[in-house]
Amino acid sequence: GRGPRLKRYRIATIPGDGIGPEVIAAAVSVLEVAARRFGFEIALERLPYGADHYLATGETLPDAAFTHLKDDVDAILLGAVGDPRVPGNEHARDILLGLRFRLDLYINLRPVRLLHPDLTPLRTDRRTDGQTDGERRIDFVIFRENTEGMYLGRGRTEGDEYVAEEVNTGKGVERIIRAAFEWARARGKTRVTMSDKSNAIPAHRIWQQKFKLVAAEYPGITPEHRYVDVLAMEMVREPERFQVIVTNNLYGDILSDLGAGLVGGLGLAASANLHPGRAGLFEPVHGSAPTLAGKDVANPYAAILTSAMMLAELDEPDASCALERAVRAGLAAGVRPPDLGGTVGTRAAAAWVAEQVSRH
């Protein structure tokens with residue numbers, strides 16, 4: 001008789017604009033190798049949404065497509081959206097924020113991990129013999145609240161006064177803080193750092209209240225608080241000490257790009273938009289970089305590392321680790337795209353990683 005049926009994951013890709021299609025094609029080539037190597041199946045579906053589709057049809061993300069993504073897929077892999085032919089970027093906002101808000105993907109998860117010691121702009125103290133004293137171990141995650149805060153677009157303009165409103169709800173704040181503690185506990189982490197600006201913004205006291213409340217349920221984890229300005233400074237001064245950071249939408253957006261800068265830039269930055277039990281939305285952070293499109297120079301590593309996050313969420317930890325290990329090996333072997341000082345093209349870098357995944 002036949003052996004056990006392979007696990008099969010339905011993955012929708014939205015390659016999007018600019019370099020999006022190139023990095024998604026690169027990531028898919030690696031995912032297909034991982035599926036064969038680790039014994040699962042990927043059913044891929046390519047959706048056309050992006051600037052071309054919007055300019056041709058006036059459609060951003062139609063309701064039928066949204067319903068399909070909500071009900072019929074296991075994960076969504078998004079390349080990048082943004083195109084100079086749509087100066088208001090309304091299609092990008094509709095697709096990206098539409099999916100985040102309408103699917104209620106309240107967790108934006110951004111890992112900050114140093115994959116090779118020479119990728120950090122931070123000084124490593126050198127001994128007289130030219131050896132470094134212990135490689136820097138930067139390895140933390142940022143939990144950014146993804147459905148509230150400043151990004152709801154609430155506010156008003158009255159004469160010369162432009163008002164943006166930041167919305168925090170008790171439910172919204174509590175669930176992102178709880179997600180951070182749950183993640184920490186599942187991985188044996190011992191510290192969760194919450195960041196707000198409650199000394200200047202009274203509304204942020206809800207973050208203080210909920211943090212105390214939730215932290216009490218996780219006795220094995222030390223809760224600590226940092227005002228966001230102090231945290232930004234400490235992330236530069238001593239990034240090694242952080243494990244899990246949790247904060248609001250705006251601060252999380254800013255701090256996670258700072259984190260990316262500490263470990264090699266946006267060409268290596270992966271992200272996941274999650275709601276436990278639902279299909280997640282996975283996207284490299286780097287944006288569509290229209291001026292680089294079609295030149296085979298875009299760094300595919302962010303999209304490949306984003307795919308590794310997707311595999312982890314789909315409960316394929318071995319395949320997930322294999323992708324990350326292969327990217328590390330590529331960086332160590334000098335397989336580096338132009339943004340990391342190398343000369344290796346998008347397709348060649350992806351092919352190198354795929355070969356590595358197939359053999360190890």
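Numerical summary
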{"item": "Test: residue in segment 263-272 that is touching a His at 6+ places or on another chain (Cβ under 7 Å), in a loop (DSSP other than H, G, I, E, B) and modelled with pLDDT of 95 or more", "result": "yes"}
{"item": "Qualifying residue in segment 65-80 (condition: over 21 Å from the mean Cα position of the chain (by Cα) and under 27 Å from Leu268 (Cα atoms))", "result": "no"}
{"item": "Matching residues, segment 216-226, being farther than 15 Å from Ile142 by Cα and in a strand (DSSP E or B)", "result": "Thr222"}
{"item": "Those residues of segment 14-34 which are open to solvent by 10 Å² or more (accessible area, probe 1.4 Å) and within 15 Å of Leu311 (Cα to Cα), in sequence order", "result": "Val28, Ser29, Glu32, Val33"}
{"item": "Enumeration of residues in segment 304-319 that are within 20 Å of Gln356 (Cα to Cα) and in contact with a Phe, Trp or Tyr (Cβ under 9 Å, 6 or more places away or on another chain)", "result": "Thr306, Ser307, Met309, Met310, Leu311, Glu316, Asp318, Ala319"}
{"item": "Residue satisfying all of: in segment 82-114; open to solvent by 30 Å² or more (accessible area, probe 1.4 Å) and assigned to a loop (DSSP other than H, G, I, E, B); farthest from Val236 (Cα to Cα) among these", "result": "Arg85"}
{"item": "Verdict on Asp74 being under 20 Å from Leu274 (Cα atoms), acidic (Asp, Glu) and touching a Phe, Trp or Tyr at 6+ places or on another chain (Cβ under 7 Å)", "result": "yes"}
{"item": "Count of segment 231-250 residues which are touching a residue at least 60 places away in the same chain (Cβ under 8 Å) and open to solvent by 30 Å² or more (accessible area, probe 1.4 Å)", "result": "4"}
{"item": "Subset tally (residues that are free of Cβ contacts under 8 Å to residues at least 40 places away in the same chain and either open to solvent by less than 40 Å² (accessible area, probe 1.4 Å) or charged (D, E, K, R) (or both)) for segment 177-196", "result": "4"}
{"item": "Matching residues, segment 181-219, being small (Gly, Ala, Ser) and under 19 Å from Tyr251 (Cα atoms)", "result": "Ser195, Ser198, Ala200, Ala203"}
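Residues checked against (1) assigned to a helix (DSSP H, G or I); (2) open to solvent by 60 Å² or more (accessible area, probe 1.4 Å); (3) among the β-branched types (Val, Ile, Thr):
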| residue | (1), (2), (3) |
| --- | --- |
| Ala312 | yes, no, no |
| Ala319 | yes, no, no |
| Glu324 | yes, no, no |
| Val327 | yes, no, yes |
| Gly330 | yes, no, no |
| Arg336 | no, no, no |
| Val344 | no, no, yes |
| Trp352 | yes, yes, no |
| Gln356 | yes, no, no |
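The values are calculated or read from the model by the stated rules, or taken from the named source; none is laboratory data. Model, not experiment: these values are computed from the prediction. Because the Cβ atoms are built from the backbone with ideal geometry, glycine has one as well, and the counts that use them run over all protein chains shown. Heads up: the accessible areas ignore ligands, DNA and RNA and are worked out on the full protein's heavy atoms, side chains in. Shrake-Rupley method; radii C 1.70, N 1.55, O 1.52, S 1.80 Å.
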